[in-house]
Every structure is written in C-alpha cells, then in structure tokens.
Amino acid sequence: MKSILCVGAGLSGAVIARTLAESGHAVTVLEARDHVAGNCHTERCPETGVLVHVYGPHIFHTDDTEVWDYVNRYEIFRPYRNRVKTTVGGRVYALPINLHTINQFFGTAMGPDEAFAFIEAQADTSIVAPQTFEEQALRFVGRDLYEAFFRGYTVKQWGCAPSALPASILRRLPVRFSYDDNYFFHRFQGMPTTGYTAMVRRILDHPGIEVHLESRFSRDMAGNFDHVFYSGPLDAWYDFDMGRLGYRTLDFERFTHGGDYQGCAVMNYPEVDVPFTRITEHRHFAPWEDHALSVCYREYSRACAPADIPYYPIRLVEEKKLLGAYVERADTEVGVTFVGRLGTYRYLDMDVTIREALDTARTFRIHDARGTRMPAFAVRPI
C-alpha cells in the first residue's frame, strides 16, 4: 500500500483517487476551494431553486463507453442535447451552421446538395492549406458566414485577431448540410440529475480517501507521500519562476429573471459591439425540472491575471515555447505526475479528462507492481 496525494478535487483528482483507493492505497485529496468538482461545480440557487453551473455550463458528451458507464455508476445522467442559438443583426440563428442557418441567413430554401454547392461557391478556394482560424473559416464557409458568426466572437473570446489563431480551433466547429442542430456528434450525451458536484462527492466517498477542502498545497508536502498526482497549473509547481503560461479567464454577470428569459440554454452574441460572448440560462440545463424563476449568466472573456481562475490555455507560439521549458524540467521530477487541464496545459473535455485519469491511475498501478518509476506525464502536453 502506498500513500498517495491528489492535489485538486476536480475530475482528474477524484477519479485517480477513487481508482487507487479501490486498489488498496491510502489517498489524501487536497482542494483549495470550499467544494469538490473543480470548474464543473454545480449548486442550487436558494432564491430560484435552479441548479446552477457556477463556473459556466458543462455538458457531458462522449463516444467512450467505459467513461459513460463510469459516470453513470455515480450519477443518473438524463438525455440532453446541446442546441446553441446565436443573435446576429437582430435575428436568431441555430448553431452549428446547418441547413436551416444557411437558408435563413441567405433567404433561400435550398436542399442539402444545392446548399453544399452554394457554400463551395462562397468559399475562398485559393486557400489550399489553411494555417489560421481566419483562413480556415474563409476556405470552408466564405466571407459572409465568417463575418456574421465567427470573427467577432473569436476576437472577444481570445482577445486577438482570428488571423493570429491556429486553424485547429475552428476545426472543432462543424458545418452541416442537414437540419441537425445538435452541437455534438457523440453517441452519449447527458446531464447529471443532481449535478456534477454530487457525482464527484460520490466518487470520493470511499474509506481509503481522505478529503481536505480549503487546503492549499505546497511542494514541501510532497515528501510526506509516496506519490503526488498534481492537477494544479504546471507553472505553479515551479512558482512561475520562468514566467506564467497564458490563459483566458471568464467573468460572469449573474442575474435572475421572473420566468423564461431566452427560451434556450445558450445564446451566443458574436457581434463585436456586444461586450459579452453569450448568455447562458441555467434552468434549461435541467429541462426535467420546473422553476418559476430563472438564473442567467452574461459571459465575458479576458486575459487571465494571477488571481483569476484559468479557463482556456492559449497555446500560441510563445506559450508553447515556455511550456516546453517547463515540461523539460518536469520530466526530471520523481514522485509526481502532472494531470488534467492545468497540469498538462491542454483544453480537455470532461470525458477526455476522466479517460486520462483512469489511464493514469492504471499506469501507476503497473509501475507500482513492477517497481519502476511513474513518469511525470502519463499524457504528454506537447
């Protein structure tokens, strides 16, 4: 039996803690906040009764059967389809761009093949190998759709011109030549009936796990344990002595409404003259519930300052260079493995986070059985 420390009680720390506790190890979990579940924390609003996604909405979606079965082991997930709307020029459209969006925007009534040919004609076919976000958009949807739905939103979300962002960011946003407006392609999609925090509490409910909330980690604690799984920021492990990795953070302007405010869970506002990126209405994330009042968030994106919660790793050229330097140092560490979104400086969906946590814990068990060294990264950041 080994003594294990998991730094952070989000999905990474909780899943690793549970997996290793079930293998007979003694696990301590340290969490700096006053709750578990990290940024997918949910809580009941005492005024409205609405289950609020405190740090912004989290919709669970995956093609990974084992991960889907895993979360349903600790919570009942109800079917949920993410159908995003966007307001442009005083009109509401469906996202991702689909046949309805195209016909509505251009005032047409095209079928799939006709619409495909039409968008191809709009596209800038002189761009053979798109390198930037802007080039990717212009190549595949053309100037009009790019300007309406992508350019302004991207400037607000990332704080820079779309021409400065890699094309890979836009590859996650599909264009569909059907009337399917389900945002995700995955087989399994749902929301936890009683929320993510309740689910994570159940994951951590094991006699081999000891959880300490409002408890900050310092590196001198590592010597008290056989191994540390660290889900905090990679650069924070080194006290940012080579500089800080860049993130975008979010500010939320919360307000309540007497009734249904916008009729959907997510309404985007891609126009630059609207300061926020979207409004989320949290009653719609649990459509099986009935509430007289509503809780909404206006969401603003900005550069992350030292005291802010880091949300989205920027990962542009300078950030990747600094990341490489930190990874090189981390590779020499013994007794610590860096995990999760912050520990590996990567944007991770919840299902990928859980998959990597399961795999990381299983890798540790193999190394423990063989008496070999557990690496600093079970999944390489770069």
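The values are calculated or read from the model by the stated rules, or taken from the named source; none is laboratory data. All values reported here derive from a predicted model rather than from experimental measurement. Cβ atoms come from the backbone with ideal geometry, glycine included; neighbour counts cover every protein chain shown.
Scanning the stretch 14-29 for residues that are surrounded by 23 or more Cβ atoms within 10 Å (Cβ to Cβ) and closer than 14 Å to Arg216 by Cα returns a single hit, Val29. Being hydrophobic (A, V, I, L, M, F, W, C), over 30 Å from Arg341 (Cα atoms) and not in a loop (DSSP other than H, G, I, E, B) is a property that holds for Ile119. With respect to Gly56, determine if the residue is assigned to a loop (DSSP other than H, G, I, E, B) and over 19 Å from the mean Cα position of the chain (by Cα). No; evaluated as a whole, the condition is false for this residue. Cβ contacts < 6 Å: first residue assigned by TED's automatic domain parsing to the domain that holds Ile366, restricted to the stretch 9-32; second residue part of a helix (DSSP H, G or I) and of a type in the set (Lys, Arg), any location; separation 6+ or different chain. Result? Every condition considered, the pairs that remain are Ser23/Arg365. Look at (1) more than 30 Å from Cys304 (Cβ to Cβ); (2) touching a residue at least 60 places away in the same chain (Cβ under 8 Å) and you find that Ala148 fails only one, number (1).
Residues of the stretch 192-202 include at least one that is in contact with a Cys (Cβ under 6 Å, 6 or more places away or on another chain) and at pLDDT 95 or above. For the stretch 165-191, give me each residue that is among the small types (Gly, Ala, Ser), exposed (fewer than 15 other Cβ atoms within 10 Å of the Cβ) and either at pLDDT below 95 or under 16 Å from the mean Cα position of the chain (by Cα) (or both). Listed by number, the list holds a single entry, Ser168. Met221 fulfils the conditions (1) part of a helix (DSSP H, G or I); (2) without any contact (Cβ under 8 Å) to a residue 40 or more places away in the chain; (3) not β-branched (Val, Ile, Thr) except for a single criterion, (2). Is it the case, given these coordinates, that Thr86 is surrounded by 15 or more Cβ atoms within 10 Å (Cβ to Cβ), β-branched (Val, Ile, Thr) and more than 25 Å from Ala357 (Cβ to Cβ)? Answer is yes for this residue. Is there any pair with a first residue in the stretch 347-365 that is without any contact (Cβ under 8 Å) to a residue 60 or more places away in the chain and farther than 14 Å from Thr65 by Cα and a second that is of a type in the set (Lys, Arg) and in a helix (DSSP H, G or I) whose Cβ atoms are under 8 Å apart and which are 6 or more apart or on different chains, and what are they? Sorted first by the residue in the stretch 347-365, then by its partner, the pairs are Tyr347/Arg341; Leu348/Arg341. Against the conditions (1) within 26 Å of the chain's Cα centre (by Cα); (2) farther than 20 Å from Leu11 by Cα; (3) assigned to a helix (DSSP H, G or I), Val67 satisfies every one except (2). Screening the stretch 337-356 for residues that are over 18 Å from Ile382 (Cα atoms) and among the aliphatic types (A, V, I, L, M) and picking the one that is farthest from the chain's Cα centre (by Cα) gives Ile354.
Within the stretch 273-292, restricting attention to residues that are closer than 22 Å to Tyr80 by Cβ and in contact with a helix residue (DSSP H, G or I) (Cβ under 8 Å, 6 or more places away or on another chain), the residue that is surrounded by the most Cβ atoms within 10 Å (Cβ to Cβ) is Thr277.
Okay, residues lined up against (1) in contact with a Leu (Cβ under 7 Å, 6 or more places away or on another chain); (2) in the same structural domain as Arg151 (by TED's automatic domain parsing); (3) within 24 Å of Gly190 (Cα to Cα):
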{"position": "Ala265", "(1), (2), (3)": "no, no, yes"}
{"position": "Asn268", "(1), (2), (3)": "yes, no, yes"}
{"position": "Ile279", "(1), (2), (3)": "no, no, yes"}
{"position": "Pro306", "(1), (2), (3)": "no, no, no"}
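Being charged (D, E, K, R) and touching a Cys at 6+ places or on another chain (Cβ under 8 Å) is a property that holds for Arg83. Somewhere in the stretch 242-250, is a residue farther than 30 Å from Thr332 by Cβ, among the hydrophobic types (A, V, I, L, M, F, W, C) and touching a Gly at 6+ places or on another chain (Cβ under 7 Å)? Yes, that holds for at least one residue.
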